[in-house]
Amino acid sequence: MSIETFYRDSWVEIRLDAIKENMKQLQKTLDDKTGIYAVVKANAYGHGDVQVAQAALESGAYGLAVSLLDEALILREAGVEAPILVMGWVRPEDAPVAVKYNITLTAFQTEWVESVKNQSYEGALSLHLKWDSGMGRIGVRTKEELHELLLSCQDEKIQIDGIFTHFATADELDLSYFHKQQERFEILLEEFNRHWNEDVEIHTGNSAASMRFPEKMHHVVRFGISMYGLYPSTDVKALEPIPLQPAFSLHSKLIHVKKLPKGESISYGATYTTSSEEWIGTVPLGYADGWIRKLQGMEVLVEGKRMPIVGRICMDQFMVRLDQPYPVGTKVTLIGKQMDQEITIDEIADYLDTINYEIPCMISYRVPRIYVKDKNIIEVDNSLSVED
Ligand SMILES: *Cc1c(COP(=O)(O)O)cnc(C)c1O
């Protein structure tokens, strides 16, 4: 834990209590024997990988799941000792690194396993086998492929610790494709059990499946988006299988406020012109921070009131139309609550015609992350810090 200094007026606030509460809510619905992999890929969906991993583990997460070996190594470097699963493809020649740091990799190609066996390392590489039951991304699809893969895995340098699949439509109301994937997984599972006697971890569920069908989950679930307090889709949000609290909020401050007469233009391209005498505020956050140009027209909160972004968003700044003058230093909330008003990640995703997953991932390394626990700031992480 460290409090790093930063010298700008924009920041992300992460409420670790929300992460813990969301974990608790899922645990309540799951069987006692079902563990949780906290999915912290992509810097924990922009929330901060090490901090979220620690909060999730403190709340009883069984392990962590990431996409890249690099992401797994960051966690080990930070002292995380829990099981870590890399769910994406890793180059076979990098397997010795995974062995050295006790990281589990994902396998689904026989040639890949053969290539791993040719690498030089001590001990065995831990693997989860991936089955493609209908996502069409990575995984074995047929019994024949599975047989071949298992034959190749019968080697002292390989240790199969788990098998899993991933659902493509678990967040939709129509469950026919979800059921088809489940059936296909069960068929391969039977086949696996016929050929393999050792116990392995079985997992299928992402946030949507684990919240909607907790009784159908096997040994572990992979809890991503909803650990952060966001529902995987508007359909699942309407069902509200468990209550969630968003952990992420984004804030800045007014750094300049001025009165403009009617007919004055704002920002590049002069796309906005005042239609009367207007108060215009400048906010020090822009597209290099992830507040992309398509957010022109979106609102922000000032003193609990909504104010529109006017003119083009610049690389480092944008302007808002204010209803009255406010002092320099007044807090501006781009994501989160002010008094009884709230701008949610879902609202921004909707405005951008995308999914909520993309929004926190988009807020760049330039914006420091402040970690709050029991209303106290316990850590500040500033990627721009030179005081390391
Ligand atoms: C990202 C990911 C998850 C987490 O999905 P959420 O919808 O965020 O819960 C689970 N499994 C795999 C394979 C993933 O890539």
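The values are calculated or read from the model by the stated rules, or taken from the named source; none is laboratory data. Small disclaimer: the values here were computed from a predicted structure and weren't measured. Here Cβ is always computed from backbone atoms with ideal geometry, including for glycine, and neighbour counts include all displayed protein chains. Just so you know, the surface numbers come from the protein's heavy atoms only, side chains and all, with ligands and any DNA or RNA stripped out. Shrake-Rupley method; radii C 1.70, N 1.55, O 1.52, S 1.80 Å.
So here's what we get for this one:
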{"quantity": "Cα-projected label distance for residue 137 with residue 120, points at 7 Å along beta-carbon direction, nm", "calculated": "3.6"}
{"quantity": "Fraction of accessible area attributable to carbon and sulfur, the chain (%, probe 1.4 Å)", "calculated": "48"}
{"quantity": "Alpha-carbon radius of gyration plus Dmax, which is the widest Cα pair, for the chain in Å", "calculated": "23.8, 79"}
{"quantity": "Dipole-positive endmost among 134, 165, 226 within region 16-228 (Cβ charges, Cα centre)", "calculated": "226"}
{"quantity": "Cut-off 11 Å between beta-carbons: net charge of the residues surrounding residue 338, Lys and Arg +1, Asp and Glu -1", "calculated": "+1"}
{"quantity": "Acute angle (nearest 10 degrees) that the helix 49-58 long axis makes with the longest principal axis of the chain, alpha-carbon atoms", "calculated": "60"}
{"quantity": "Rel. contact order, % - alpha carbon contacts under 8 angstrom, at least six apart, the chain", "calculated": "19"}
{"quantity": "Length gained when the stretch residue 268-residue 198 is fully extended (0.36 nm per residue, less Cα-Cα span)", "calculated": "18.8 nm"}
{"quantity": "Computed E for residue 342/residue 364 - FRET, C-beta separation, R0 35 angstrom, nearest 0.05", "calculated": "0.90"}
{"quantity": "Top positive-direction residue, dipole computed over region 16-228 with Cβ charges, set 213, 123, 97", "calculated": "213"}
{"quantity": "The chain: most fluctuating residue of 349, 18, 107 per GNM, C-alpha cutoff 10 Å", "calculated": "349"}
{"quantity": "Lysine pairs meeting the criterion (Cα under 17 Å, 8 or more apart or interchain), as found in region 248-388", "calculated": "7"}
{"quantity": "Per residue accessible area in Å² of region 1-96, where ligands, DNA and RNA are left out and the probe is 1.4 Å", "calculated": "43"}
{"quantity": "0 to 90° range, to nearest 10: angle between helix 176-195 axis and the chain longest Cα axis", "calculated": "30"}
{"quantity": "Average accessible surface area per residue within region 248-343, 1.4 Å rolling probe, Å²", "calculated": "45"}
{"quantity": "Selection from 59, 276, 377 lying farthest towards where the dipole of the chain points positive, charges on Cβ", "calculated": "276"}
{"quantity": "Size of electric dipole in the chain: Cβ of Lys, Arg +1 and of Asp, Glu -1, about Cα centre, debye, nearest 20", "calculated": "1200"}
